[in-house]
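**Student:** Next up is a structure, given as structure tokens.
Every number here is computed from the coordinates shown, using simple stated rules; none is lab data. As the structure is a computational prediction, the values presented were derived from the model and not from experiment. Every residue, glycine among them, receives a Cβ derived from its backbone with ideal geometry; neighbour counts consider all protein chains shown.
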Amino acid sequence: MLVKSGRLLTSCGLLLCSLQGHAAETIQLAFQQPLQDKALESIAVEIGGYDVTPFIERTDDGVIVSLDSGLEAGTYQAYVLAFYSDGEIQTLSESQVTIAASGSSTQWNLNSTLSTQVRVAEDDTTDYRSVDHRQSNGALSADSDHRDGNIHTSARLQAVYDNLHQGHYPDSEWQLPEYQAGIAHESDAGTAGVQVGNYAHPNEDLLFSGYQRRGVNLFANNPEQTLKASLFGTASETTNSVEQDLFWPEKQNNQTLGGTLAVSPLTDNPERLTLGASYVDGKGTSTGSGFTVLDDESIYGGHSWGFTLDSIWLNRSLWLHWQKAQSSFDSDGLDYGDGALDDDADKWLVQLNSGPDLPAFGVDQWQLSAQRQRVGEYFYSIANLGLPGDLDTRQLALYANKGGLSLNTEGQHQQNNIEDRADRATLTVRYFGLDLNYTPGVDLQSGPWRYIGSPSYTTYYHVTRNSQPRSDVLLSGLDVDNTQREYSVGASFSHERWSWGLNYALVKTDDRSDPVEQNGFEIYTPVGDTENHLTSLQLSWFPNERLTLSPTLQWNQYKELENDNAYKTLNAGIDGQYAFIPNKLLMHVNYFYGHYDNRYGDPDSLDTQQDNHTGNLQLTWKAVEAKRLKPGMDWFLKGNYGRQDDTIDANDYESWQVRLGFSVYWAGYNEG
Amino acid sequence: MKKLIHTQLQRRLTSLALLLIGCCALLSNAAQAAVTSATGSSATSVLVANKNNNFTIRWQVTTTTNRFSREASVINLASPLTLNGVITPAGDITNESFSISGAQVKSWIDAGLSTIIIRRNFTDLSSAPAGGINADVRFSLSSSGLRATRESGAFAVQRLQLSFSNQTSLAVVEPGQELFGYLDVDFSGTGILEGYWQLSEPGGSDAAPLFRTLKLERQTLSSLQHLRLPSPRLPTGKTGKYLLRFCVIDRNTTDGNAFNCPDEGKVVTVAYQVLAAPLGQIEEMQLSADTQPIGPATPLHWSPVEHAVVYQLQIFQAAGNNAPTFVAGMLLPSSTPGTSLSTLVLDKLNPHQQYLWRINALDSQGRVIGQSEMTAMTYVP
């Protein structure tokens, strides 16, 4: 999942890099070889990896390629190929073409909204005295990109304003969740630059995971991307502050420095070997905006470094990965306890998948991977504080698909206490999962599919076994011996006018643990066997351009079979949108109901229930439509209602308010 | 005869008297045992040795009369340790503050303890005889908050992080934009993670936010120490600020009223702001194939984009840990409603391997004015 997140982020980076195109270009390619004297089927032209054949015009001695758009400025390999009727392919021309940069270019876009509203009516029971009846709330999102010769500058900014600071950390009216400014020099020799602001480290490994902080990043790479280096300095904690740590963290105990280097030394086949080195050194708490931690005061710190080796073979059908890392880290708080302790971690992975050099075994595509990750008890990285440690993980996974059927199966074994300490309990988790998905190809114009939509079915079986030696019960304070089995089936249907899905899951836990006593007192009481049933239904209906309705329902029942406790939860609701006058007068309305019911087998325990009701209604009148550079304006009337009825009266409440206000908004981008 | 009847009558009356005395005694004890239930819970589940531990225990005591507890003490030590003294809660629920030094926790760890139990015994009279109902709260011990996920054996959530796909805790999005939240949970031990995704909508997020439950999560923890959960797709239809939170429900430590989001320690909240209008710069396109997997003659289709002069089909492939790299593509005139993969492109694809592809619409300036999602496809000749 983390690897996929990393890939998603790099894909997004790829997306941004691909936004540039180029204006009209005419390229002449002369034949370097004469056409053979036999039946010619077609001539094709490739430039920069793109088949541009639809844009070519034959001449006596070559082709002319007239491109209205589609290729960025740069130098590309161009090929002209002849396809003959007898199957032969002849390269008629191989050359380099250069698409010149059109001097300087600038692109920018900006989107902003500011809403102001006043509370015109409210209930009598909620205390609004400390809350301003007027609220202003808005946001700005902007980015720009400028190229002038070899110099490329870029900037992006997202800012939020709220005079009531709702959901803001730190607690202030303005928040700056994302911003960055960068300048880079791009040439045939490579790219080098500097960025200031939010920096997202691309690696997902033992040292880094989901690491995005404010700071400074220096980077450089060659054109082939076979040499990449970066140096960074960032704040250790996440923040949205507009006043602190804008360019460099002010407190020394909130600073992290690091760098990465990646080299692919085999120029003929760079993927055959890639060597990487990483280093990170910093101090900080384990908290920040978006975090909740039990201890947000202790400061930890140390340095960590690692090496990686990646090798890809067999036409990308075999991937070998190995990483070794070490750290010297103080994980019980600076100036307390142990001081920095040394430890290490390593990971290896072997992944095979179908391709030209490995058989397909009758399926469309398959992938098999085996990996082992071992992290020492005291191995930490300031850029990956959530890394599971004192843990040995082994995993085997297989994925295959054929037609609309895909299979995913995985086995995993985890064990902690890797040094086998006598004063530490050893916990073992074994997991096996089997997931099947089937999306049949159907004719939506005939049969039942006309009415219910295009189907997709899922089912899975997962089993997890947790165990701990009985002799370790006093070391951990509890006994662990249980097996959890999960079964699920689901179906979803997609139609032009609606989509809906139904899913059911059953989780059964077989608890074989025993009570644990210490000094005459029971310090652990087994929960016993449990059963959980979860049913969910989701529907979206859009019968026409004006109306959308989306009901949802989720029903859950959890039973503790030993003590006859039963917990039921029902969440149901409907969300709707209706355009009284399309693009002019719109209504959003929703209502949600939650019912929670706890019933206990022990007659001395009180059964408890709670009902929740929430409703929202918003009427929006688009008074002025936004067009090109002209701002738009909406008037709105909002109402919100909430009620909670509880068997414990202290939790009851009923609250409602009505707000009247307007939004001014402006979105634009350069068009020249 | 008379003497016999008298003796029998005396015996019967004695028995009846004894029976009546027993019933009275029984009724008297029942009146004294008016506390019917007592439980305790705390947002804190781990006590650490590297700092002072200041925490609150929430006692819930149900009684027909009044409430009294002589002391709160750690009971599973060799000698119980009294922490706090007498309390007489006025209502069903009372919060009591505790402070335990890090040095104290360290001494317990050094003594071989991994768990402590704080107990209060609740009765309804200060002079009641021994009895009453015990309310126990368990705490794991660890050398530090950071080490707790690795040291502690009991299931407990140590750290929560809630973010969006750009890894920030506050997102600005356009109306209708697809948005998900991601919850990273660091925990000790093993068990089932239970909690609620909850949302407060614009208008309902002002002043006193009104939250509704989006989804109940009950996740069997098949891996140790870390879990990542995606949220349901988040609504982005209305302009304004939404508040998103995840509330962890720990049935082992709650008072049973597990519906309400805990006040601290086990809830994490972020916000996202929806703008009033889309930028409209890039139109969302749909790229589809008549069949899957993709073959040499499989027809491909995409939704047309106004003012497009060129459609650019791009095919990428990821290898190892590297970002997806460009493999091949096609440039097609705007008059083309669809195509199949050309020979030049097919020549670059490996059979039975997975690729990522998308379609872009470019205007006369080369700007991308339409784009489909990057989706996976498998090529089989």
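**Student:** Under 16 Å between alpha carbons, and skipping anything fewer than 8 positions from residue A:584 in its own chain: which aspartates and glutamates qualify?
**Tutor:** Answer for residue A:584, where 16 Å is the Cα cut-off: A:545, A:625, A:634, listed by chain and number.
**Student:** Across the residues of A:548-559, average count of Cβ atoms on other protein chains within 10 Å? It would help to have the intermediate numbers written out before the result.
**Tutor:** Working: counts 1, 0, 2, 0, 3, 0, 5, 1, 5, 0, 5, 0.
Taking all residues of A:548-559 together, the mean is 2.
**Student:** Okay, next question. Rounding to the nearest 10 and keeping the result within 0 to 90°, find how far the Cα-based axis of helix B:2-32 lies from the longest principal axis of chain B.
**Tutor:** The angle comes out near 40 degrees.
**Student:** Rounded to the nearest 0.05, what FRET efficiency do residue A:267 and residue A:163 give with R0 = 56 Å and r taken as the Cβ-Cβ distance? Could you check?
**Tutor:** Details: r = 59 Å, r/R0 = 1.05.
With R0 = 56 Å, the Cβ-Cβ based efficiency is 0.45.
**Student:** So, one more: Can you give the extra length, in nm with one decimal, that the chain gains between residue A:121 and residue A:647 once fully stretched, where that is 0.36 nm per residue apart less the Cα-Cα distance?
**Tutor:** 186.5 nm
**Student:** Other chains near B:35-42: what is the mean number of their Cβ atoms within 10 Å of each residue's Cβ?
**Tutor:** Going residue by residue through B:35-42 and averaging, the value is 2.
**Student:** Could you state the principal axis extents of the C-alpha atoms in region B:64-174, from the largest down, to the nearest angstrom?
**Tutor:** Rounded to whole Å, the extents work out to 64, 42, 21 Å.
**Student:** I've got another one for you. Give the dimensionless ratio obtained when the Cα radius of gyration of region A:539-589 is divided by 2.2 N^0.38 Å.
**Tutor:** Working: Rg = 18.4 Å, N = 51, 2.2 N^0.38 = 9.8 Å.
Its radius of gyration relative to the 2.2 N^0.38 Å reference: 1.88.
**Student:** For residue A:529 and residue B:335, what does the FRET efficiency come to when R0 = 60 Å and r is the distance between their Cβ atoms, rounded to the nearest 0.05? Before the final figure, lay out the partial values.
**Tutor:** Working: r = 66 Å, r/R0 = 1.10.
Once rounded, the FRET efficiency stands at 0.35.
**Student:** Can you give me the Kirkwood hydrodynamic radius for region B:124-178, using every pair of distinct Cα atoms, in Å to one decimal?
**Tutor:** The answer is 16.7 Å.
**Student:** Which FRET efficiency value, to the nearest 0.05, do you get for residue B:233 and residue A:497 by plugging their Cβ-Cβ distance into 1/(1 + (r/R0)^6) with R0 = 25 Å? Could the numbers behind the result be given before it?
**Tutor:** Details: r = 19 Å, r/R0 = 0.77.
The value I calculate is 0.80.
**Student:** So what is the orientation-averaged projected area of region A:507-634, using the convex hull of its C-alpha atoms, in nm²?
**Tutor:** Over all viewing directions, region A:507-634 projects a mean Cα-hull area of 13.9 nm².
**Student:** Among rounded, prolate and oblate, which fits region B:311-381 when a ≥ b ≥ c are the square roots of the eigenvalues of its C-alpha gyration tensor, a/c under 1.5 means rounded, and a/b larger than b/c means prolate?
**Tutor:** Taking the square roots of the gyration eigenvalues as a ≥ b ≥ c, region B:311-381 is oblate.
**Student:** From a point 7 Å beyond the Cα of residue A:450 in the direction of its Cβ, which residues of region A:494-526 have a backbone N at a distance under 16 Å?
**Tutor:** A:495-497
**Student:** Report, in degrees rounded to the nearest 10, the 0 to 90 angle that the Cα long axis of helix A:2-17 makes with the longest principal axis of chain A.
**Tutor:** The two axes meet at around 40 degrees.
**Student:** One quarter of the convex hull surface, Cα atoms only: what value does that give for the protein assembly as shown in nm²?
**Tutor:** Seen from a random direction, the Cα hull of the protein assembly as shown projects 52.3 nm² on average.
**Student:** To the nearest 20 debye, what charge dipole does the protein assembly as shown have about its Cα centre, counting +1 at the Cβ of each Lys and Arg and -1 at the Cβ of each Asp and Glu? Mind showing how you got there, number by number?
**Tutor:** Details: 72 positive and 116 negative charges, 521 e Å.
For this selection, approximately 2500 debye.
**Student:** Kirkwood Rh over Cα pairs of region B:231-381 into Stokes-Einstein at 20 °C, 1.002 mPa s: D in µm²/s? Each step should come with its number before you reach the end.
**Tutor:** Working: Rh = 19.1 Å.
D, rounded to a whole number, is 112 µm²/s.
**Student:** What share of the DSSP beta bridges in the protein assembly as shown is antiparallel, in percent to the nearest 5?
**Tutor:** If we restrict to bridges inside the protein assembly as shown, about 95 percent are antiparallel.
**Student:** I would also like to ask the following. With each pseudo-label sitting 7 Å past Cα toward Cβ, what's the residue A:628-residue A:506 distance in nm, one decimal?
**Tutor:** Distance between the two pseudo-spin positions: 6.5 nm.
**Student:** Using the Kirkwood formula on the Cα atoms of region B:124-246, what hydrodynamic radius do you get, in angstrom to one decimal?
**Tutor:** Numbers: mean 1/r = 0.0576 Å⁻¹.
The answer is 17.4 Å.
**Student:** Highest mean first, what order results for B:329-341, A:470-482 on Cβ atoms within 10 Å?
**Tutor:** Order by mean packing, descending: A:470-482, B:329-341.
**Student:** For B:107, B:163, B:79, what ranking results if the residue with the fewest other Cβ atoms within 10 Å of its Cβ goes first?
**Tutor:** The most exposed by this proxy come first: B:79, B:107, B:163.
**Student:** What number, in nm² with one decimal, is the all-direction average of the projected area of the convex hull of the alpha-carbon atoms of chain B?
**Tutor:** 34.0
**Student:** Also, I was wondering about something else. So which chymotrypsin sites (Phe, Trp or Tyr not before Pro) in region B:117-210 end up in coil per DSSP with only 15 or fewer other C-beta atoms within 10 Å?
**Tutor:** B:180
**Student:** Same structure again: For region A:66-197, what are the per-bin percents of Cα-Cα distances with bins 10 Å wide, up to the bin holding the maximum?
**Tutor:** P(r) for region A:66-197, in whole percents per bin: 9, 22, 20, 16, 14, 10, 6, 3, 1.
**Student:** With 30 Å as the limit, write out which pairs from A:324/A:402; A:568/A:638; A:508/B:241; A:630/B:241; A:630/B:215; B:51/B:215 have Cα-Cα distances beyond it, or answer none.
**Tutor:** Table pairs above 30 Å Cα-Cα are A:324/A:402; A:568/A:638; A:508/B:241; A:630/B:215; B:51/B:215.
**Student:** Count, for each residue of B:221-234, the Cβ atoms from other chains sitting within 10 Å of its Cβ, then give me the mean as a whole number. Show your work: numbers first, answer last.
**Tutor:** Values: counts 5, 15, 9, 12, 9, 7, 2, 6, 1, 1, 0, 4, 1, 0.
Rounded to a whole number, the mean comes out at 5.
**Student:** If each of residue A:248 and residue B:297 carries a label point 7 Å out from its Cα toward its Cβ, how far apart are those two points in nm?
**Tutor:** Output for this residue pair reads 6.7 nm.
**Student:** Along its principal axes, what span do the Cα atoms of region A:253-330 show, with the longest given first and each in whole Å?
**Tutor:** Cα spread of region A:253-330 along its principal axes, largest to smallest: 51, 21, 19 Å.
**Student:** How high is the relative contact order of chain A, given as a whole-number percent (alpha carbon pairs under 8 Å, six or more residues apart)?
**Tutor:** Averaging sequence separation for qualifying contacts and normalising by length gives 7 percent for chain A.
**Student:** 7 Å from Cα along Cα→Cβ at both residue A:257 and residue A:617: what's the point-to-point distance in nm?
**Tutor:** 6.2
**Student:** Which value, in Å³ per residue, describes the convex hull spanned by the Cα atoms of region A:183-285?
**Tutor:** For region A:183-285, the hull spanned by Cα atoms encloses 96 Å³ per residue.
**Student:** May I pose another question? Working from the alpha-carbon coordinates of region A:306-455, get Rg over Rh, Rh being the Kirkwood radius.
**Tutor:** 1.16
**Student:** I'd like to know how region B:80-130 sits against the 2.2 N^0.38 Å rule of thumb: what's its Cα Rg over that expected value?
**Tutor:** Compactness ratio reported: 1.47.
**Student:** If we count other beta carbons within 10 Å of each Cβ, what is the order of A:97, A:118, fewest first?
**Tutor:** A:118, A:97
**Student:** Give the distance, in whole Å, between the Cα centre of region A:233-299 and the Cα centre of region B:200-239.
**Tutor:** Cα centroid of region A:233-299 versus Cα centroid of region B:200-239: 28 Å apart.
**Student:** Per the Kirkwood treatment, what hydrodynamic radius in Å, one decimal, follows for region A:81-126 from the mean inverse distance over all distinct Cα pairs?
**Tutor:** 19.3
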